[in-house]
Every structure is written in structure tokens, then in C-alpha cells.
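See structure below.
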Amino acid sequence: MGRHATGQVVEDRRLKSPTFALRFSAYGTRRYLTLGSKADGWDRARAERELAHIVADVERGLWRPAEAAPVAAAPRECPTFHEYATEWFERQKLEGGRRAGGLSPAGVADLEWRITYHLLPFFADMRLDEIRVEDVDRFRLSKVRERDEIDKAIAKGKPLMEDYTDPRTGRTWRRRRTALGAVSINKLIGTLSAILEVAVEHELVTRNTAHGRRRRLASVTPTRTFLDQASQISALLDAAGQLDENGQRRALLATLTFAGLRISEALALRWADVDLHRKTIRVRASKTDAGVRTVNIVAVLQHELREYKARVIGEADALVFATATGGEHSASNVRSRVLAKAVVLANEQLAKAGSELIPTSLTPHSLRRTFASILFAVGEPLPYAMSQLGHADTKMTLGVYARAMSRRDGEAERLRELVEGTVISAAKGSKADSEAGDERKTRAR
């Protein structure tokens, strides 16, 4: 039979208030348990009773030593928005995109523009848990005021300037500041919300303060501009031809109009991707998987590119639309120095002829939409149009088709004639008619 559990009360009188403890054996191990001081209500009689209870529990196998209190983990330090947004951006470059396969170069540049040029200047030094709903609203208001300030300066003929660095090339130049519309401002807040949403998942913050419709601006669906008149397209190409010496501007706008390339795709295009004999353009640099495609070259574009190539004698690995030093143009330069100027000259020509003017809000992407209307005019089915445009969703293509189909003024026939090479421009009509006639005869044989 085993030995009975035993123990004793220990009284420490070295302090002003005597302290009581127990010393006893339990399960083959000597134990020491501090009870408390006289000031805490402990005396020898109470300590003796506690000892008797513990000894009895040990003998019955009920007593268990008190577990050590768990050590509280040191609280995580909440990072600043700059620190966390930088990490989030790096993850997006590797894991973002439609299929989580990483962002395209255009996607990286767009996201960097949102974070670097807009979000960081406002939120950079704030900890994530310091960003309140009020701060998000103040950010939105600052962008609205900035927009109004820029619009007023432009109205007075004194545009505001800024130093801009292209995230892709690292080039820095001075450019005119442009105002952000409601859609762009909402995209900035959407990016902020996406960052904070991940921070909530990482338990760095308890709430996404940028989430919700009330954080956004009320926006009106913008009017999607494009050209659906042959006279406007011809005037625009003629005007572009007046702006340059080697025909590059005219050829670039013709490619955007008759091949439907995005501006980034056109500026990255190399002569090795252009097969004028087989009448194809291979688009390799696109922001989407569907955008990597082969575009068939229509007759009028074949003529434009053939004339342009004869002037520049482009090598296979050279950019089709290169700068004087062989580098890549920036999209902003194309908009401001090529398209905007060509629109002004074209409208002068159209005004003299009493024709409908080109919208001054025309952009390179407007010419991509123009290509969609041209495809309808020549009778191409929707699936083919989507493959040529690099669309995975029918929504945008159908939107342009619907507007083009609403016309009943014979414009579709004029666009068809333009594409087939019957009319390239007023200045080159006779030559175009001749070449188009020869081609039609060849097809007839």
C-alpha cells in the first residue's frame, strides 16, 4: 500500500504582512504552492484547512497542478499604408490578373499609376488601422477639387503642368495635368478598398473603411466615341498625313482604325509581326489572353502600311512606329501630339465641306471602336469581330454594333467602299480606285 500524501504549512515572517505557503508531495514530486499574505485574508488556520483539502485530493488522484498562464503574444505592429500597399502590389504582379497568372505590363503600369501617383501621396504615412471612413471621403473630395482646379485652368488657357515618369520606361518629362473623371476616381477608391480588404483578412484591421457605394462618386456612363462616317475617317487620315514627313502618323492612325489595335499593342508592334503578303498582323503584346491574336489586314490598311514601309525600310525586329532613336512612343504623346492635332486639322476640312465634325474627345481607343463599326459595315459576323478585336465578352462589341446598325443613311456602304480601297482619301481617290479595281478583278478570276 502506498504512502499517504503529507505536507506542511510554511509561514514567512520576513515581510511586514506574513505570507503563507504549502509544501507537500504529490505523485512522487515535491510541490510548493504560495497561498497569500495576511493582508489577503490568509492565516495559519485557513492555510491548514487548505493543506488538508489538497492532501485529500492528491490521495484520491483529483489534484492537478495549476497550469502556467499562457504568455500573451506580442501584438502585431500595424504597417503603414506605404509598406503594406508595396507588398500588396508585388503580390498582384505575380498573382493578379483574370486567371491569377500575374499582371500584364499594361496592368502593372496602370496599377502602379494608381498607387504611386494618387494613393501614396495621401495615405503613405498612415497606419492601416488609422485610415478612417472620413479619410477616404477626404481623399475623394481632394480629387474632385483637383479636377475642378485643372478644368478652370484649362478654361483660362493656362493648363497646369507636372513632371511625369513613365513606370514602364523610366522616362521623365513635363506634361499637362489632366483631370480625373468620376470613373477614374472610383477606380482609385476601388484599389484602396482591395488593399484594405486583404488587410482585413490578415487581421491587421477590423474593417474595410473604403468599402461601400457611399465612398464612390456618382458617375454617369460616359459616351463611347467612335467614327462611323467614311468622310470623318478619310479627313482624319489626310490630316495626320499633313503632320509628318515619313507617313508614320497617318499609318499609325490607319492601323488603329482598320485593325482595331489597342494603343499599347500598336506601339509595341514590330515589322516581323506584319505580313503584308498574307495580309495579317500578329498581336503579341496584349493586356489580356484573348488580346493575343491574328488580325486580318483589310485592303485600305494594306495600302497604307505598304506605302509607309517603303519610306522607312523597316527591319524585321524594328518597331513599326518607332521614335527617331528607334524607341517606343508613349501613349500620351500619341494622344496629344498626333491624334488631337489631326482632329483639329480634320475638323477644319470637314467644316469647309459642311460635313459632321469629329468629336474633340476622340481617343486612340475610339479608333478601336471605329474598327468594330467597320466590321459590321462590311458584314462580318459577331464571333469574327470579337476574334479580331480580342474580346472575351460580347458586351462592348454588341454595344458598338447596335449603334452602327441603327444607321439607315447609306453610311455602311460608304464605309465598305473605304475598307475595300475604293476611296482612301479625296487626294488619293484616283490611285485608290485603280488599285481596288485591279484587286477586285484578281478576286473575280
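None of the figures in this text is laboratory data; all of them are computed from the coordinates on show. Computed from a predicted structure; not experimentally measured. Cβ atoms come from the backbone with ideal geometry, glycine included; neighbour counts cover every protein chain shown.
Summary table below
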| read-out | value |
| --- | --- |
| Segment L357-L160, length gained on full extension (0.36 nm per residue, minus Cα span) | 68.1 nm |
| Modelled FRET efficiency - R0 22 Å, N296 with R416, Cβ distances, 0.05 increments | 0.90 |
| Spin-label pair R214/S37, simplified geometry with 7 Å Cα→Cβ offset, distance in nm | 5.4 nm |
| For the stretch 19-31, 3J(HN,Hα) per residue [Karplus equation, 6.51 cos²θ - 1.76 cosθ + 1.60, θ = phi - 60°, Hz, x = Gly/Pro] | 10, 10, 8, 10, 10, 7, 9, 8, 6, x, 10, 6, 10 |
| Computed E for L276/A324 - FRET, C-beta separation, R0 25 angstrom, nearest 0.05 | 0.55 |
| Long-range amide H partners of A26 with built H, under 5 Å | R31 |
| Environment charge of L180, counting only residues whose C-beta is closer than 12 Å and scoring Lys/Arg +1, Asp/Glu -1 | +3 |
| Extension gain from H53 to N333, taking 0.36 nm per residue of separation minus the Cα-Cα distance | 91.9 nm |
| Estimated inter-spin distance, W173 and T80, nm [label 7 Å along Cα→Cβ] | 3.3 nm |
| Extended-chain gain in nm, criterion 0.36 nm per residue less alpha-carbon gap, R284 and D151 | 44.1 nm |
| A66/K16 FRET efficiency (R0 41 Å; Cβ-Cβ; nearest 0.05) | 0.95 |
| Other-chain or far-sequence residues with amide H under 5 Å of E328's (modelled H) | T323 |
| Other-chain or far-sequence residues with amide H under 5 Å of T280's (modelled H) | D275, I297 |
